[in-house]
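The values are calculated or read from the model by the stated rules, or taken from the named source; none is laboratory data. The model shown is predicted, which means the values in this text are computed figures rather than measured ones. Cβ: placed from backbone, ideal geometry, glycine included. Neighbour counts: every protein chain shown. The accessibility values were calculated without ligands, DNA or RNA, using every heavy atom of the protein model including side chains. Shrake-Rupley method; radii C 1.70, N 1.55, O 1.52, S 1.80 Å.
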Amino acid sequence: SLVIRGEKDEQAVLCSKDKTYDMKIADTSNMLLFIPGCKTPEELNANQASCNIIHSQIAGFSNNYWELRRCRPKLKKLRKLLMEDPYEGPDSAKDQTATVSKYTTEDLLSLIQASEEEILHQLQVIGACVIEGYWRILEFDYEMKLLNHVTQLIDSESWSLNKVPLRTCLEELGPLEPIEMIEHILLIYGRKYTDDGEVYFEMCEDKICRAIAQMLLQNAVKFNLAEFHEVWQQSVPEGMSTSLDQLKGLALVDKASRPETIFLLKVEDLPEDNQERFNSLFSIREKWTEADITPYIQDLCAEKQTVGALLTKYARSSMQNGIKVYNSRRPIS
């Protein structure tokens, strides 16, 4: 089935079960006729011995039609809605008295301009879960509290990060937090699998290191890069290795400053519109290398579009100290 989605201040889109399309009115030189019960040539029986002339009533006509073009689902609003009331845990007084809106799947389908499959996939990407029938995002401090419980248990039990038993986690951590939250944090930061009938999780080193980096960076405007790397490595669970590659789309290194610094810059905080995104990035930094800017524009690529094509359209390239850099095509105020 097809459904048109969009609020009064939004450009309407057409959604199938798994895709989203821009809608644009196009003119045609041929008049289109609307005939109830009309059959196409393919539907008529070609072996009929005689052909009958059918008199049809024309119900209407049009000189234009809707032209559809596959587009990126507009998912930024999804996180924004869920962040109105992040889940802070079962003991949160705010959660028990909150008057802020909460959203079911049906609510989100009516508010988000994307197909059902795209919305459900994005909910998984942002780590949302259903609590008492409503989709919720964990408040970051609560998420880190849950993750810390799990990593401390892994350390105390000397488990391999590749084989963390679900049943034991729930038994040990159940008195501290709801078991649904313990399993949810394992699903966010690990991969679930079964071995000999027992459920285990393989913990994702990159995700855990990235989350701890965000925790360290969120309270600092800028952080000395060398000092940050040292503190970061000391903060992650034993056996894990940190790398700046883990921070793509989360933090940006300023190599021009002395000493070099690093600061939080999350791709999900940037505008969803292409031109606005580039304006925002070029207001933060005048010139970008392709490696630095790619994590912040990759999600803008439409079907079969490359980062290079986006840069050609919205940026101007030049050489600086033998390195290709990109700056804005228009003045940034």
Enumerated helices (runs of 4 or more DSSP H) restricted to segment 268-333, each holding at least 3 residues that are over 20 Å from residue 248 (Cα atoms): 307-314
From the options 246, 233, residue that is within 22 Å of residue 140 (Cα to Cα), in contact with an Asp or Glu (Cβ under 7 Å, 6 or more places away or on another chain) and in a helix (DSSP H, G or I): 246
Count of residues meeting criterion [outside any helix (DSSP H, G or I), in contact with a helix residue (DSSP H, G or I) (Cβ under 8 Å, 6 or more places away or on another chain) and among the aromatic types (Phe, Trp, Tyr)] in segment 129-158: 1
Elements of type strands (runs of 3 or more DSSP E) in segment 1-61, at least 2 residues being open to solvent by 90 Å² or more (accessible area, probe 1.4 Å) and either at pLDDT below 90 or among the small types (Gly, Ala, Ser) (or both): 20-34
Residue check, residue 67 assigned to a helix (DSSP H, G or I) and at negative phi: no
Among (1) closer than 22 Å to residue 6 by Cα; (2) open to solvent by less than 80 Å² (accessible area, probe 1.4 Å); (3) charged (D, E, K, R) - the single one residue 117 does not satisfy: (2)
Selection from segment 247-290 of residues that are basic (Lys, Arg) and either surrounded by 16 or more Cβ atoms within 10 Å (Cβ to Cβ) or over 16 Å from the mean Cα position of the chain (by Cα) (or both): 248, 255, 258, 277, 285, 287
Qualifying residue in segment 140-148 (condition: free of Cβ contacts under 8 Å to residues at least 40 places away in the same chain, open to solvent by 50 Å² or more (accessible area, probe 1.4 Å) and touching a Leu at 6+ places or on another chain (Cβ under 9 Å)): no
Test: residue in segment 255-274 that is modelled with pLDDT of 95 or more and under 30 Å from residue 159 (Cβ atoms): no
Residue check for residue 117: part of a loop (DSSP other than H, G, I, E, B), charged (D, E, K, R), under 18 Å from residue 127 (Cα atoms) and at pLDDT 90 or above: no
Failed condition for residue 183, given (1) surrounded by 14 or more Cβ atoms within 10 Å (Cβ to Cβ); (2) touching a residue at least 24 places away in the same chain (Cβ under 8 Å): (2)
Residue in segment 169-177 that is open to solvent by 50 Å² or more (accessible area, probe 1.4 Å) and under 23 Å from residue 291 (Cα atoms) present: no
